[in-house]
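One structure below.
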Amino acid sequence: MAEKEIFQLTPLFEAVQMSSIFEDGKTFVDCVAKQSTEHILQLYLEQKNHAHFNLKDFVLSHFDLPHVFASGYQGSMNKTVDQHIKQLWAVLTRQPDEKKGSLIPLPNAYIVPGGRFGEVYYWDSYFTMLGLKESGLHQVIENMVNNFSHLINTVGYIPNGNRTYYLGRSQPPFYSLMVRLLADIKGDNILPGYLQPLEKEYQFWMKSATELSEKNPAALHAVRMKDGEIFNRYWDENDTARPESYREDVELTHQTSQPAKTLYRHLRAGAESGWDYTSRWFKDGISFATIHTTSIIPVDLNGLLFHLEQTIADIYHINGDEEKAIQYATFAEKRKQAVQKYCWNNTAGFFVDYDWEEGQQKNILSLAGITPLYFKLATQGQADAVASIIEKQFLKPGGLVTTLQKTGQQWDSPNGWAPLQWMAIAGLENYGHHPLAATIAQRWIKLNTDVFNRTGKLMEKYNVVDTHLEAGGGEYAGQDGFGWTNGVLLALKSLYDK
């Protein structure tokens, strides 16, 4: 019988998480037990009612704390930010290892984001790879792509991160973009070697699509619209509190009218989105308690699936299988038409998410609305309209704000995030809006560099509205390291810091 995971140690796990003996709920689930977890649980049940029992002392005596990558790492302050990042790659490298605690082992070395994040993260890794490419670390990119192929082949999909408590959900599917990035380095002749995992990735997202009907319009990640179009949404197969944010999830059940299992499913789907959390997912656009992620067709997710369909079509074309190439190209074209039909808001002049349960568009404007430019799903007229809104409403002194709402959530105003700056800049360049793209890039580069010069750190997210303040919000303190910030900064500097 398999060893129990820490998050399965009822009631020890609940006691530790609900009493906040660690500031961050992720700490305990990342610990490694010094003995059999069953034995530790038995000791806890025997000792917990003793007069002098101390829960924190018990945990520290029976578990090893996780290694914290790059936290507080100080490079030499007389080095440039580029030199600092190139030194940091080694600090953020995790070697392949055996199964320890909740960690899912990977066959090759990989880059972790830093701080509390000591494992690989799916969508973070693509943006980290942009910087690895600039640093000439092409083998590291290939190793990481092959790690993700390994996860697809063994788990059946790429989990949120390589931890057992992340099983049940993925993250924004950037695998096809990673494979394309590797092909940019090594040549398109490598693409056919990745066809099988690319198709498995697609099957994971589309698993229930053929079972959908008017009476049963949604299952797992797939949603059937009234006119028969198939879209994707975020979803987690579990409906329990997230082990790594257990207390926060349980406490939120006391503030909502939603059944606990429904709430947990929406929270987990929000975690799969990578935007955890944001007013994008709130029914009323304001209150966390109204989160309804699984009711939403996210415009950015469907752009990623469009790219995946195009990539598979291109590989079948390379292989000379025109029938399959046409099949996947048709899937991509149908999705493009559906994004145009359901996600373009002509009045706002912007792309938005769609609430499939209500049968109407969401009225929250977010940087997800620029991703159709990144994936070349927009017309020139739409791109011009989007660019105008970006310049007038999203552009701030430090770059682009994530949404126009200030809710206290980390994926809302006043925060800016590296992956969204990158996709916005590249999307604007796709449609000829070079001056605006360059302005965003230069403001973001300056903000990152100024904070680095002030603190010696590169952060997970930034306050783009008041560039002298730290970014806030979310379930944990700001993290330094930081994989995707390093990657996007190096890539933008190579293009715009001339």
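The values are calculated or read from the model by the stated rules, or taken from the named source; none is laboratory data. As the structure is a computational prediction, the values presented were derived from the model and not from experiment. Glycine also receives a Cβ, built like all others from the backbone with ideal geometry; neighbour counts cover every protein chain displayed.
See the values below:
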read-out: Pick from the stretch 116-149, criterion in contact with a Phe, Trp or Tyr (Cβ under 7 Å, 6 or more places away or on another chain) and modelled with pLDDT under 95, ranking: nearest to M178 (Cα to Cα); value: G118
read-out: Total residues in the stretch 430-450, condition touching a Lys or Arg at 6+ places or on another chain (Cβ under 9 Å) and free of Cβ contacts under 8 Å to residues at least 12 places away in the same chain; value: 0
read-out: Subset of the stretch 148-165 (residues that are touching a residue at least 40 places away in the same chain (Cβ under 8 Å) and either polar (S, T, N, Q) or under 15 Å from R242 (Cβ atoms) (or both)); value: S149, N153, P159, N160, G161, N162, R163, T164, Y165
read-out: Within the stretch 204-231, considering residues that are in contact with a strand residue (DSSP E or B) (Cβ under 6 Å, 6 or more places away or on another chain) and part of a loop (DSSP other than H, G, I, E, B), the one surrounded by the fewest Cβ atoms within 10 Å (Cβ to Cβ); value: P217
read-out: Any chance G487 is under 19 Å from I85 (Cα atoms) and not hydrophobic (A, V, I, L, M, F, W, C); value: yes
read-out: Members of the stretch 404-423 that are surrounded by 24 or more Cβ atoms within 10 Å (Cβ to Cβ) and either among the hydroxyl-bearing types (S, T, Y) or under 19 Å from G483 (Cα atoms) (or both); value: W411, N415, G416, W417, A418, L420, Q421
read-out: Helices (runs of 4 or more DSSP H) lying entirely in the stretch 384-498 (those with 3 or more residues that are more than 28 Å from G285 (Cβ to Cβ) and of a type in the set (D, E, K, R)); value: 434-455
read-out: Failed condition for E358, given (1) outside any loop (DSSP other than H, G, I, E, B); (2) closer than 22 Å to S273 by Cβ; (3) not basic (K, R); value: (1)
read-out: Conditions (1) touching a Gly at 6+ places or on another chain (Cβ under 8 Å); (2) free of Cβ contacts under 8 Å to residues at least 24 places away in the same chain: number failed by V299; value: (2)
read-out: Near pairs, Cβ below 6 angstrom, 6+ apart or cross-chain, from the stretch 262-290 (within 13 Å of I364 (Cβ to Cβ)) to any residue that is among the hydroxyl-bearing types (S, T, Y); value: S279/T403; S279/T407; R280/S366; W281/T293; F282/T290; K283/T290; D284/T290; G285/S279
read-out: Within the stretch 168-193, considering residues that are of a type in the set (A, V, I, L, M) and without any contact (Cβ under 8 Å) to a residue 40 or more places away in the chain, the one surrounded by the most Cβ atoms within 10 Å (Cβ to Cβ); value: A183
read-out: Tally of residues being crowded, with 21+ Cβ neighbours inside 10 Å and more than 26 Å from M178 (Cβ to Cβ) across the stretch 271-287; value: 2
read-out: Candidates T240, T154, T164, filtered to the one that is surrounded by fewer than 14 Cβ atoms within 10 Å (Cβ to Cβ) and within 30 Å of L267 (Cβ to Cβ); value: T154
read-out: Identity of the residue in the stretch 355-392, basic (K, R) and in contact (Cβ under 8 Å) with a residue 40 or more places away in the chain, that ends up farthest from I440 (Cα to Cα); value: K362
read-out: Matching residues, the stretch 127-184, being under 16 Å from V112 (Cα atoms) and β-branched (V, I, T); value: T128, V140, I141, V145, I158
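For every residue, the table says whether it meets (1) assigned to a helix (DSSP H, G or I); (2) over 24 Å from A218 (Cα atoms); (3) at pLDDT 95 or above; (4) not hydroxyl-bearing (S, T, Y).
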residue: N238; (1), (2), (3), (4): no, no, yes, yes
residue: E244; (1), (2), (3), (4): yes, yes, yes, yes
residue: L263; (1), (2), (3), (4): yes, no, yes, yes
residue: W275; (1), (2), (3), (4): no, no, yes, yes
residue: L308; (1), (2), (3), (4): yes, no, yes, yes
residue: T311; (1), (2), (3), (4): yes, yes, yes, no
residue: I315; (1), (2), (3), (4): yes, yes, yes, yes
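One line per residue, one yes/no per condition, for (1) surrounded by 23 or more Cβ atoms within 10 Å (Cβ to Cβ); (2) over 13 Å from I85 (Cβ atoms):
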site	(1), (2)
P107	no, yes
V112	yes, yes
G115	yes, yes
T128	yes, no
E134	no, no
E142	no, yes
N147	no, yes
H150	no, yes
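Condition check ((1) in contact with a Ser or Thr (Cβ under 8 Å, 6 or more places away or on another chain); (2) in the same structural domain as T293 (by TED's automatic domain parsing); (3) under 19 Å from Q310 (Cα atoms); (4) of a type in the set (A, V, I, L, M, F, W, C)) across all residues:
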residue: N160; (1), (2), (3), (4): yes, yes, no, no
residue: G168; (1), (2), (3), (4): no, yes, no, no
residue: S176; (1), (2), (3), (4): yes, yes, yes, no
residue: A183; (1), (2), (3), (4): no, yes, yes, yes
residue: P197; (1), (2), (3), (4): yes, yes, yes, no
residue: Q203; (1), (2), (3), (4): no, yes, yes, no
residue: E211; (1), (2), (3), (4): no, yes, no, no
